[in-house]
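Structure record follows, encoded as structure tokens.
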Amino acid sequence: MTWIVTTSARYSSLLDAGGRLGDGVRVVGVGEVPGADVRIEVPQGVPVEALAARVATAVSAQSGEHVLLPDLPAERVLAGAIAARLGAPLVRATKVCPTGALVARYGGLSLETVTTDGVLVALMEGGEEVEGDPTHATQRTDATELPQHPPAREIALDNEPSPAASPDLGAAERIVTAGRGFRTADDLALARSLAGALGAELAGTRPLTEAAGWLPRASCVGLSGHKVAPALYVAVGVSGQLHHLAGCSDADLLVAINSDPDAPIFAHADYGIVGDLYRVLPALTAALRDGL
Amino acid sequence: MSVVVAYKWAANPAEASARADGRVDFSRARPTVSEDDPVAIELGRELGDAGGVPVVGITAGTPAVATPMATKAALARGLDRIVLATDADAASWHATQTAQVLAALVGRVGDATLVLTGSASIDENAGVVPALIAGFLGWPCLLGVLDAEATASGWAFTLAGRRVEIDGPAVASVASSARAVVAPGMRDVLAAGRRPVESVDAGALGLRGAASASAEGADVPVVADVADLRVVGRRRPEARARKRVVFSGDTAPGELVDALRAEGVRGAGR
């Protein structure tokens, strides 16, 4: 059996992977997750991370089985608790097979096929939203049978771009990604206009999403974020470091815009423009609106 | 009480190359304290100073992590001392095995109430070790912490979009934007050479088999042997063939639009 553990409805790819592995799928939903077989209640005001040990006890995977989780921050914490409890290897997998998984190592320099005699816990791109009643589950956990979580509380803060603005990059057909070529957060309006003209989602590199916080962390493309495969990927002001390329190299068509003609991104692009993005983007956006 | 910072001595894969068989050659890459870890040390130093408690670095790896160059580089960032574990085979450990050793080192420090890490190591960039350490310790873990402060009962963390308070000990990975770090100066490096480093053989931590519960210094609820992960195939990713057509000058936007149209790309809503 394949176990799926998720706090999010976006786990269609894990269902597909579990289906290919055979022997059935059991979905452990933490909170209100559509399609869950087991639902673990998240008390109001308690951070999901504080429930990790509790969630781990609900996963009684046996040797030879996989435990799959969407590659999201909360799920990484859950995965750590599950893997530690089961004594299992934990990997970020490109795909899984009955005997193991395919794993990109060292910034994507190498692809390894790995196997274990025990349980394998794998974080993967979650995919699209699964439909269903998020309050329904065939089984609800009895909290008295699970270990108590440490007392913990969370309150919302308004200190980053709205999560509601986080795009569904896994399902996006077109993505415009902004990199360090942008000098200020306000300048991202240029990238948004371009994305609008293309009907694309706006994403960012790690420096913009984590270090600068100009875009939601959930919009990061690269090893630290999403590995995407859209039909069209436009990298603007992105130099093309290894960790970013690992997240976008599967795009069908890759376009780069950068002022540095020696930027590594051009070696990985189908089309590129060498130029100042502050001049190129307004002209390109206008040309796209007129010409496509 | 101590604040512990788990760090990694690692090389940047951008300085490495993949051989045809998929093996990665790091011989030309120079290891350093992994890129994000100085941020965690900086926050740990602040919290240690605020609470009047020592800041202890822990790391695990091949004997290279115990060389004076490696330990001084970490100590110079602001650690009071280091407790590390080495093993000749550590390069083949997977993340769960590494985290199990690091959790045992937390137990060896003895009085830790907080374990900080960088957001991800520069070589693997998986960002899973802090969650695994927490799993072995049975502590809660938070990823992407922007700030932290001690409370009467534990710790309060600021993250993107929320503040989390935890009663008791915790593990936290620190966002790379949490603190600005500066390279240590000569005085820091000289002082680092005088600070203590405790190096233990990872095998002496007794994490394998039933001996784990009574192992020296391994005050960690180790509940299972960690299964091995075997590499049964390895290859260099096939580079996707790209056209590499580059435009420049004032006509470039129009030329790119023509090229996209020829590729079948249509505008939004068409």
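The values are calculated or read from the model by the stated rules, or taken from the named source; none is laboratory data. Computed from a prediction, not measured in an experiment: that's the story for all the values here. Note that each Cβ is placed from the backbone with ideal geometry, even for glycine, and that neighbours are counted across all protein chains shown. Side chains included, ligands, DNA and RNA excluded: accessible areas come from the protein's heavy atoms. Shrake-Rupley method; radii C 1.70, N 1.55, O 1.52, S 1.80 Å.
With A:Gly213, A:Gly196 as the choices, which residue is surrounded by fewer than 20 Cβ atoms within 10 Å (Cβ to Cβ), within 23 Å of the chain's Cα centre (by Cα), within 10 Å of chain B (Cβ to nearest Cβ) and part of a helix (DSSP H, G or I)?
A:Gly196
Going through segment A:256-275 one residue at a time, which ones are within 14 Å of A:Gly179 (Cβ to Cβ) and open to solvent by 40 Å² or more (accessible area, probe 1.4 Å)?
Matches in segment A:256-275: A:Ser259, A:Asp260, A:Pro264, A:His268.
Can you work out which of the residues in segment A:173-193 that are part of a helix (DSSP H, G or I) and not aliphatic (A, V, I, L, M) is most open to solvent (accessible area, probe 1.4 Å)?
Step by step, filter segment A:173-193, then rank; the result is A:Arg192.
Which condition from (1) touching a helix residue (DSSP H, G or I) at 6+ places or on another chain (Cβ under 7 Å); (2) more than 10 Å from chain B (Cβ to nearest Cβ) is the one that A:Leu242 breaks?
All conditions pass for A:Leu242, except number (2).
Residues in segment B:236-268 that are within 7 Å of another protein chain (Cβ to nearest Cβ) and within 44 Å of the chain's Cα centre (by Cα): how many?
21
Restricting the search to segment A:35-72, which residues are more than 26 Å from B:Val164 (Cβ to Cβ) and either surrounded by fewer than 24 Cβ atoms within 10 Å (Cβ to Cβ) or more than 21 Å from the chain's Cα centre (by Cα) (or both)?
Of everything in segment A:35-72, those that are more than 26 Å from B:Val164 (Cβ to Cβ) and either surrounded by fewer than 24 Cβ atoms within 10 Å (Cβ to Cβ) or more than 21 Å from the chain's Cα centre (by Cα) (or both) turn out to be A:Gly35, A:Asp37, A:Ser60, A:Ala61, A:Gln62, A:Ser63, A:Gly64, A:Glu65.
For segment B:151-158, state whether one or more residues are free of Cβ contacts under 8 Å to residues at least 40 places away in the same chain, part of a strand (DSSP E or B) and surrounded by fewer than 17 Cβ atoms within 10 Å (Cβ to Cβ).
yes
Look at segment A:103-118 and say how many of its residues are open to solvent by less than 20 Å² (accessible area, probe 1.4 Å) and more than 7 Å from chain B (Cβ to nearest Cβ).
1
Quick one: which of B:Ala156, B:Ala131, B:Ala60, B:Ala66 is of a type outside the set (Ser, Thr, Tyr), modelled with pLDDT of 95 or more and within 21 Å of B:Met1 (Cα to Cα)?
Criteria check complete, one pass: B:Ala156.
Only residues that are surrounded by fewer than 21 Cβ atoms within 10 Å (Cβ to Cβ), of a type in the set (Lys, Arg) and not in a helix (DSSP H, G or I): list them for segment A:1-34, please.
Passing the criteria: only A:Arg10.
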